[in-house]
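The values are calculated or read from the model by the stated rules, or taken from the named source; none is laboratory data. On a predicted model such as this, the values are computed, not experimentally measured, just so you know. Counting neighbours? That spans all protein chains shown, and the Cβs are built from the backbone with ideal geometry, glycine included. What goes into the accessible areas is simple: the full protein's heavy atoms, side chains included, and nothing from ligands, DNA or RNA. Shrake-Rupley method; radii C 1.70, N 1.55, O 1.52, S 1.80 Å.
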Amino acid sequence: FLHDTLGATPSRVAFLFVYVGVLISLVQGGLIGPLTRAFGERRLVVAGGFAVAAALALLPLSLAMPLVMAALVPLTLGIGATNPSLSSLVSKEASAEDRGTVLGAYQSVSALGRILGPLWGEIAYFRLGRFGPHWTGAAIAAAAAALSLTLKKSR
């Protein structure tokens, strides 16, 4: 996408991966605690999901590197807030005797998503065009965020 849209070199793409890594590290290393205390895991899952959806929808419109970098901020904030919040919710909702099994299943489903996501991205890129992965990813993230609105308070 970056090469086809912006003519990005491999070193520029590598820079963006480092940039995303630093942003996610900042969120998960420093911001997630205060955000969780202020808003709670459920709200972070919802807000994070919608932030990911919005960022993925914005990326195809980002036709200059500074715009791509700006669109990556809500993407990384959303991912950085959603992933630990989901893990926490799964852990809290499972009974003590089932917690290991439930967390193992959660991690397995997460791993499956990390396998199927890139596979779908490649299919969408070559079947739907260079914006296909972004548009379909945004739709999936928005659907997941909307579904997360149904999360209930713990027992």
Could you say which residue among SER87, SER62, SER91 is touching a Lys or Arg at 6+ places or on another chain (Cβ under 9 Å) and open to solvent by less than 40 Å² (accessible area, probe 1.4 Å)?
SER91
Listed residues VAL52, VAL46; which is open to solvent by less than 50 Å² (accessible area, probe 1.4 Å), under 25 Å from GLY113 (Cα atoms) and out of contact with any Gly (no Cβ under 8 Å at 6 or more places or on another chain)?
VAL46
Could you check how many residues of segment 77-118 are more than 16 Å from the chain's Cα centre (by Cα) and free of Cβ contacts under 8 Å to residues at least 40 places away in the same chain?
15
Restricting the search to segment 9-23, which residues are surrounded by fewer than 17 Cβ atoms within 10 Å (Cβ to Cβ) and in contact (Cβ under 8 Å) with a residue 40 or more places away in the chain?
ARG12, LEU16, TYR19
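Table: residues versus (1) under 24 Å from LEU26 (Cβ atoms); (2) in contact with a helix residue (DSSP H, G or I) (Cβ under 8 Å, 6 or more places away or on another chain); (3) surrounded by 14 or more Cβ atoms within 10 Å (Cβ to Cβ).
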{"residue": "GLY40", "(1), (2), (3)": "yes, no, yes"}
{"residue": "LEU58", "(1), (2), (3)": "yes, yes, yes"}
{"residue": "LEU67", "(1), (2), (3)": "yes, yes, yes"}
{"residue": "LEU103", "(1), (2), (3)": "no, yes, yes"}
{"residue": "ARG114", "(1), (2), (3)": "yes, no, no"}
{"residue": "ALA124", "(1), (2), (3)": "no, yes, yes"}
{"residue": "LEU128", "(1), (2), (3)": "no, yes, no"}
{"residue": "HIS134", "(1), (2), (3)": "yes, yes, yes"}
Could you tell me how many of the residues in segment 136-155 are surrounded by 13 or more Cβ atoms within 10 Å (Cβ to Cβ) and either hydrophobic (A, V, I, L, M, F, W, C) or in contact with an Asp or Glu (Cβ under 6 Å, 6 or more places away or on another chain) (or both)?
9
Any idea which of (1) over 12 Å from the mean Cα position of the chain (by Cα); (2) over 27 Å from LEU128 (Cβ atoms) is the one VAL45 doesn't satisfy?
(1)
